[in-house]
Structures are given as C-alpha cells and as structure tokens.
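Remarks on the structure that follows.
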Amino acid sequence: MTNDVAYDFRSMVASSADRFSEKDYLVYKRGGGLESVTFEGFEERVRALSEAFLELGLGGASIAVIGETSPEWIITYVATIIIGGVIVPLDKELSAEAVRGFINKVGCKAVVYGHKFASHFEGDFDELSSLEYKIPFDPSVTESSASRPEKGVVPFLQMLGFGRGLVANGCERYDAIPVDMEKVCAILFTSGTTGSSKGVMLCQKNIIHAINASYRVTGFEASDTVVSVLPIHHTYEMTCGILTPLFIGATVCINDSLKYIVRNFQLFRPTGLVLVPLFVSTIYKRIWDTARKGNKEKILRNSIAVSNALRKVKVDTRKILFKSVREVFGGRIKRIICGGAPMPPDLVAEFEAFGINLCQGYGITECAPLLSVCPEDDNRPGSVGPPIPGVQVKIDVEEVEDGKEIGEILVKGPNIMKGYFEDRTATEEVLSGAWFRTGDYGYLDKDGFIFITGRKKNVIVLNNGKNVFPEEIEEYLYKFDLVAECVVIGRKNDDDNVVVTALIYPDFAKAEEMGLGTDLNAIGGVIKEKLAELNRSLPSFKQVRGLELRRNEFEKNTSKKIIRYKIK
C-alpha cells in the first residue's frame, strides 16, 4: 500500500499518472467489447477537459452531471473540481422537472449528461436561465475537431477535442490554477423535491480527507481490482469506489447492468467490492439456492463445520472447500465493504466462513461520507467500526440501557461539510460548533467501536440503499381529507424487505361527515384509494406500500411535534 498522502485533486491525479502510468484505471464495456483508460490517459483527459472549460469561461462555475457510470462522468467530476468549479452530481432516476429544478437552484452554467438523458434538456435555454452549455456524452459519436465550440449543445468528445487542441498548442493554465481546499467544490442534493431537498456543500479538504482515510481503512491496494456497482452520484460510491482506487492505483471495472451483476463479477474478477446490504443478501441467498437445487446444501453446511473446526487449529482450507462459492464473485474476492443501510450481523460470520471478509462501514453525505469502517482483523458483528483517522465521535447520551450509554452520534473532523446550500437554518440545526449532529442514535463500546441503534435521522433506508425522506411523503398525505396526523416509516415485511408504511390517525370528524363513522375498515378503504392515486405520481421506491390506522393520537413533545423515536 502506498505511504503517500493525497493533498488535492490535481496533485492526486498527477501522482497516480506518474506512479501507475500505463496501468488500467477504468475498464468498461463499449461497442460490444471491453475498453479501458489508463492512469496516464485519465490525467490527459482531465487536463484537456479542464483547459476547454477554462477557455470557455467555466472556471469556477457550477457544472451538473447526470448519467450512467462512465469514464466521461468521472472525468467531468474531477476536472470541474480541479478548475475551481462546483460539481453538482444528480441522480439519474430524478424526473426531468426535478433535474432542471436543481440546475436552476444552483445556477449551473453547464450540464454534462449521458445521451439517454437528452430529452431532459431539449428545446431552448429559456427555462434554464443560467445554462450556457449542454454537453452530451454519446459513445457512438467520434471526436470532433479542435475548433472553438459555440454556446449551446456541444458533444463531450468535441469539448475534449477542443481541449486537446489547446494543450497541443501550449496552453498551460491547468497547472497554474490556485487550489483553495476550503472552497465549496461539490453540492450533493438529498432525496426529495427541489423545494425540500438540502444541498450538501463539500470542499476539497472534506473529500480528500475521506479519500486518505478510506485507503487506510478499507485495506484496498494498488494490486486490487474493484467493480463499480452503486449509483455514482452517491458520495459513498464516488469516494470509496472511484476516487480511492484512483489514488492508490487500483483498477475500477464498471458494471453496466444490475441484471448481469454476477456475470460481470465473473468477467472482471474483483478482489474487493463496495456494496450495500441488498446486493450482499441477494448473492448470499443465490449461493444457498444454487446449493439446494444441486442437492448440495448438506455438503456445504458440513464443509463449513469442518472448515471452522480446522481454522481453530490454524489450518485454513477455505479457498479449496468453497471455490465454487467464491466463483460467484469471480474467484478472487478478498474483502467486501458494506454500507449505506443496516446489514444483518450474521452475514459477517457467514461470509467469513467462505473466506470472504465482509465488514460494515458508516458514512453520511455530510461527512464526504466516510466516518468509520470495521478493520479486517477486528470485524465485530453489529458494529460499523471505530472512527476513521482524524475523526472524533461522542454520544449525546439520552438513556442508559444494559450499561450502554445511548444517544445521538456526534462527529468532528476535517471531512465535515461546509453546510447546506442557501439554508442557514438547516445548517445550524446540525452543526453545533465543530460537532456535526448525525441524527443517528447509538453507543460506543469500550474500544470506541460505533454501534448504531436508531434510524438515520428520519430517513427510511430501503434494502437497496435508497433513501426515502418521510417528510416529503407526509406532505402529500396531509392533503388527504381523512388524515389528521400521520408518520411515514420503514416497516419490514415477511420477506425482510423494508416497506414504506404510512401510520395514520384519521380525522374522525371528517369521517362522520362522509358517512364512514368510526369504522377503520371503511376509512382505510377510502385512504387506500387515495394512496393508489398518489403512488402513480411517485417514483417506485417512494411509493407507500403499507398502511396502518390508529385510534389514538401520536405522542407529542411540548412544542406539539410528534415524538418519532417512540413510534413502534
């Protein structure tokens, strides 16, 4: 593992290009085959795009990016930050209206997007008053000449070609760009509408600290190969799955389809992965389903028992006994970092039995995002590990249970955000002096390992790592005539999947007016019809699938706010 330290984005890219040169950094499918970008080639593209942006007056500007994971996406992200700009990564599942709303809110001067998203930006620029350049990246388009682009639609490869021409003609502004580690360089919007979403503002210091900590605690090295699976607009994937490998010299292979994730694992043969619990649980179930279908379940269980017994006497036969299991991941897998949602603690031991180190990490977008990771040699089930280097953690104790001091988790360190974009009130609610209030509840053990016991703020974290902000759904529900009070929570169903569930205290007076009386079944029938109508207007992951009616009001505090943590 390298002993170097990343200081800023430009020097990190240059250092990696120098140290790893012709080694593949990005490997991806395109045109029916595999293509790659070396570390040296990545720096060349970043430099060219940066020079093009600077020449066109985009230095220091806000630039949005949306699309599937691709070299173009990553190059745009890094180049924008290097030229002193503000990158605005957008969720590709957002509606066109929401995407345009965020671009307007920040005042982006350019948007770079995958060709599948062209319809989001069709027509003139009247609606997007600040936007000067629409830059689609379409792999079917060949690189254009180095002529200066006019404002409007400029294909990515034309922009890159223009930048390469500037570099070839001796343009050297890239190396002279001043570095301000405290300046906001990224704005990441939380889930929700453009009105209710908060824009997390990160600076280079925040992200660089998380990268330096990530390479120390993940155990990944230059010899590793990882597969990028998670949505790239998430800081978890970008920091740990993309930028940390860039720094340490590891190769990143891009998964092009969740449908073929196992096939791609076997193609790319990763040694390390950064995943959410849903993927791990799904693959685990697949392993056992395959064993059952092949009448090998008993053999697999016996092999685990034999292996565990041998390990107690320092004999490790896991690579031999569980070769077929490890082949699901391509045969070379060593470590999986799991985060973004709670992970069943028993999976740690199950994967350890197969010879795969599965550990849980903890992060929040506001912390760039990494806060803790369980170390490889001290993987405590149920824990998200000790704080990363440079980060302090304390508990704002609210109760003591079985000797554990439980309360809100507060953190302090160089990775804490600058604040929320144009939202001083929300910023002041979570930043108390130097301490950031995570909204998560938990405790520390005697060694400082973090255990999370409560929900992340009020956010509902689905099994696939998607976040649903209940306040947004509650705003819709309160428009229903029959709803007096409501709380939206995540409730696990029989399949152990988290379901968005509405808990409702009906307006019984209104129900009487409607001739429903106090019959909860009749009231529920009307509300279900309204829910079905609402769901048709919401993205699938936000749709309300559960409904529970109650006869009593929710318990409230002195300011008449519902006390959420007491809801069962």
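Only one of the numbered conditions (1) more than 21 Å from the chain's Cα centre (by Cα); (2) within 20 Å of Val400 (Cβ to Cβ); (3) acidic (Asp, Glu); (4) open to solvent by less than 20 Å² (accessible area, probe 1.4 Å) is violated by Asp445, and that is (4). Would a scan of the stretch 282-290 turn up a residue that is open to solvent by 90 Å² or more (accessible area, probe 1.4 Å) and modelled with pLDDT of 95 or more? Looking for residues that are open to solvent by 90 Å² or more (accessible area, probe 1.4 Å) and modelled with pLDDT of 95 or more, one finds none in the stretch 282-290, hence no.
Give the residues of the stretch 272-308 that are in contact (Cβ under 8 Å) with a residue 24 or more places away in the chain and not in a helix (DSSP H, G or I), sorted by residue number. If the condition is that a residue be in contact (Cβ under 8 Å) with a residue 24 or more places away in the chain and not in a helix (DSSP H, G or I), then Gly272, Leu273, Val274, Leu275, Val276 are the ones that fit. Only one of the numbered conditions (1) outside any helix (DSSP H, G or I); (2) at pLDDT 95 or above is not met by Val167, and that is (1). Only residues that are out of contact with any Leu (no Cβ under 7 Å at 6 or more places or on another chain), among the small types (Gly, Ala, Ser) and not in a loop (DSSP other than H, G, I, E, B) were counted across the stretch 1-32, and they come to 4.
Looking for whichever is open to solvent by 70 Å² or more (accessible area, probe 1.4 Å) and at pLDDT 95 or above here; the options are Lys394, Lys412, Lys404. Which one fits? Give the steps one after another, and end with the answer.
On the way: Lys412 fails: open to solvent by 70 Å² or more (accessible area, probe 1.4 Å); Lys404 fails: at pLDDT 95 or above.
From the options Lys394, Lys412, Lys404, the qualifying one is Lys394.
Collect the residues in the stretch 339-351 that are open to solvent by 20 Å² or more (accessible area, probe 1.4 Å) and either closer than 12 Å to Arg380 by Cα or assigned to a loop (DSSP other than H, G, I, E, B) (or both), keeping them in residue-number order.
At the first step, the residues of the stretch 339-351 found to be open to solvent by 20 Å² or more (accessible area, probe 1.4 Å) are 340, 342, 344-346, 349-350.
Scanning the stretch 339-351 gives Gly340, Pro342, Pro344, Pro345, Asp346, Ala349.
On the given criteria, is Lys285 under 32 Å from the mean Cα position of the chain (by Cα), farther than 27 Å from Tyr215 by Cα and among the charged types (D, E, K, R)? Taking the combined requirement at face value, the residue satisfies it.
Would you check if there is a residue in the stretch 311-321 being within 24 Å of Ile254 (Cα to Cα), surrounded by 13 or more Cβ atoms within 10 Å (Cβ to Cβ) and aliphatic (A, V, I, L, M)? Quick ask: steps written out before the conclusion?
In the first step, residues of the stretch 311-321 are kept if they are within 24 Å of Ile254 (Cα to Cα); the result is none.
The answer is no, given that none of the residues of the stretch 311-321 is within 24 Å of Ile254 (Cα to Cα), surrounded by 13 or more Cβ atoms within 10 Å (Cβ to Cβ) and aliphatic (A, V, I, L, M).
The residue pairs whose first member lies in the stretch 246-259 and is under 22 Å from Ala6 (Cβ atoms), whose second member is basic (Lys, Arg), and whose beta carbons are closer than 7 Å, counting only pairs six or more residues apart or on different chains, are Gly249/Arg19; Gly249/Lys23. Please enumerate the residues belonging to the stretch 195-242 that are in contact with an Asp or Glu (Cβ under 7 Å, 6 or more places away or on another chain), farther than 16 Å from Gly339 by Cα and not in a helix (DSSP H, G or I). Of everything in the stretch 195-242, those that are in contact with an Asp or Glu (Cβ under 7 Å, 6 or more places away or on another chain), farther than 16 Å from Gly339 by Cα and not in a helix (DSSP H, G or I) turn out to be Ser196, Lys198, Val200, Cys203.
The set of residues from the stretch 464-489 being open to solvent by 10 Å² or more (accessible area, probe 1.4 Å), farther than 20 Å from Asn552 by Cα and not in a loop (DSSP other than H, G, I, E, B) comprises Asn467, Glu471, Glu472, Glu475, Tyr476. For beta carbons closer than 8 Å, sequence separation of 6+ or different chains, a first residue in the stretch 513-529 that is closer than 17 Å to Tyr478 by Cβ and a second that is open to solvent by 70 Å² or more (accessible area, probe 1.4 Å) and part of a loop (DSSP other than H, G, I, E, B), the qualifying pairs are Val526/Met514. Can you tell me which residues in the stretch 121-159 are open to solvent by 30 Å² or more (accessible area, probe 1.4 Å), under 29 Å from the mean Cα position of the chain (by Cα) and within 29 Å of Leu34 (Cβ to Cβ)? Residues satisfying the conditions are Asp138, Pro139, Ser140, Pro155, Leu157.
I want to confirm something. Restricting to the stretch 507-561 and keeping residues that are part of a helix (DSSP H, G or I), open to solvent by less than 70 Å² (accessible area, probe 1.4 Å) and out of contact with any strand residue (DSSP E or B) (no Cβ under 9 Å at 6 or more places or on another chain), which single residue is farthest from Asp496 (Cα to Cα)? Walk me through it before giving the result.
Initial filter on the stretch 507-561 (part of a helix (DSSP H, G or I)): 508-513, 520-535, 540-542.
After this cut, where a residue has to be open to solvent by less than 70 Å² (accessible area, probe 1.4 Å) as well, the list is 508-511, 520, 522-527, 531-532, 534-535, 541-542.
Imposing the further condition that a residue be out of contact with any strand residue (DSSP E or B) (no Cβ under 9 Å at 6 or more places or on another chain) reduces the set to 511, 522, 525-526, 532, 534-535.
Working: Ala511: 34, Ala522: 29, Gly525: 26, Val526: 28, Ala532: 23, Leu534: 25, Asn535: 22 Å.
Across the stretch 507-561, the extreme among qualifying residues is Ala511.
Scanning the stretch 76-110 for residues that are among the polar types (S, T, N, Q) and under 21 Å from the mean Cα position of the chain (by Cα), we see that the one that is surrounded by the most Cβ atoms within 10 Å (Cβ to Cβ) is Thr80.
The rows are residues; the columns are (1) part of a loop (DSSP other than H, G, I, E, B); (2) modelled with pLDDT under 95.
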{"residue": "Val315", "(1), (2)": "yes, no"}
{"residue": "Lys319", "(1), (2)": "no, yes"}
{"residue": "Ile333", "(1), (2)": "yes, no"}
{"residue": "Pro375", "(1), (2)": "yes, yes"}
{"residue": "Ser383", "(1), (2)": "yes, yes"}
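Would you say Ile364 is in contact with a strand residue (DSSP E or B) (Cβ under 8 Å, 6 or more places away or on another chain), of a type outside the set (D, E, K, R), at pLDDT 95 or above and crowded, with 18+ Cβ neighbours inside 10 Å? Against the criterion (in contact with a strand residue (DSSP E or B) (Cβ under 8 Å, 6 or more places away or on another chain), of a type outside the set (D, E, K, R), at pLDDT 95 or above and crowded, with 18+ Cβ neighbours inside 10 Å), Ile364 does not qualify. Within the bounds of the stretch 82-96, is there any residue that is assigned to a helix (DSSP H, G or I), at pLDDT below 95 and under 22 Å from Gly152 (Cα atoms)? Looking for residues that are assigned to a helix (DSSP H, G or I), at pLDDT below 95 and under 22 Å from Gly152 (Cα atoms), one finds at least one in the stretch 82-96, hence yes.
Quick one: is Lys183 surrounded by fewer than 21 Cβ atoms within 10 Å (Cβ to Cβ) and within 20 Å of the chain's Cα centre (by Cα)?
Working: surrounded by fewer than 21 Cβ atoms within 10 Å (Cβ to Cβ): yes; within 20 Å of the chain's Cα centre (by Cα): no.
For Lys183, the condition - surrounded by fewer than 21 Cβ atoms within 10 Å (Cβ to Cβ) and within 20 Å of the chain's Cα centre (by Cα) - is not met.
Answer with yes or no whether Phe279 is in contact with a Phe, Trp or Tyr (Cβ under 6 Å, 6 or more places away or on another chain) and within 30 Å of Val27 (Cβ to Cβ). For Phe279, the condition - in contact with a Phe, Trp or Tyr (Cβ under 6 Å, 6 or more places away or on another chain) and within 30 Å of Val27 (Cβ to Cβ) - is not met. Among the residues making up the stretch 11-32, those that are in contact (Cβ under 8 Å) with a residue 40 or more places away in the chain, open to solvent by less than 20 Å² (accessible area, probe 1.4 Å) and under 26 Å from Met181 (Cα atoms) are Met12, Val13, Ser16, Tyr25. Under the condition of being part of a strand (DSSP E or B), open to solvent by 10 Å² or more (accessible area, probe 1.4 Å) and under 26 Å from His120 (Cα atoms), the residues counted in the stretch 33-75 number 1. Among residues of the stretch 408-426 that are more than 22 Å from Tyr7 (Cα to Cα), those with a Cβ under 8 angstrom from a residue that is of a type in the set (Phe, Trp, Tyr), sequence gap 6+ or separate chain, pair up as Glu408/Tyr441; Ile409/Tyr441; Leu410/Trp435; Leu410/Phe436; Val411/Trp435; Val411/Phe436; Ala426/Tyr420.
Mind counting the residues in the stretch 439-487 that are within 20 Å of Arg545 (Cα to Cα), modelled with pLDDT of 85 or more and among the small types (Gly, Ala, Ser)? Number of matching residues: 1.
The values are calculated or read from the model by the stated rules, or taken from the named source; none is laboratory data. Everything quoted here is computed from the prediction, not taken from an experiment. Counting neighbours? That spans all protein chains shown, and the Cβs are built from the backbone with ideal geometry, glycine included. To get the accessible areas, we keep the full protein, side chains included, count just its heavy atoms, and leave off ligands, DNA and RNA. Shrake-Rupley method; radii C 1.70, N 1.55, O 1.52, S 1.80 Å.
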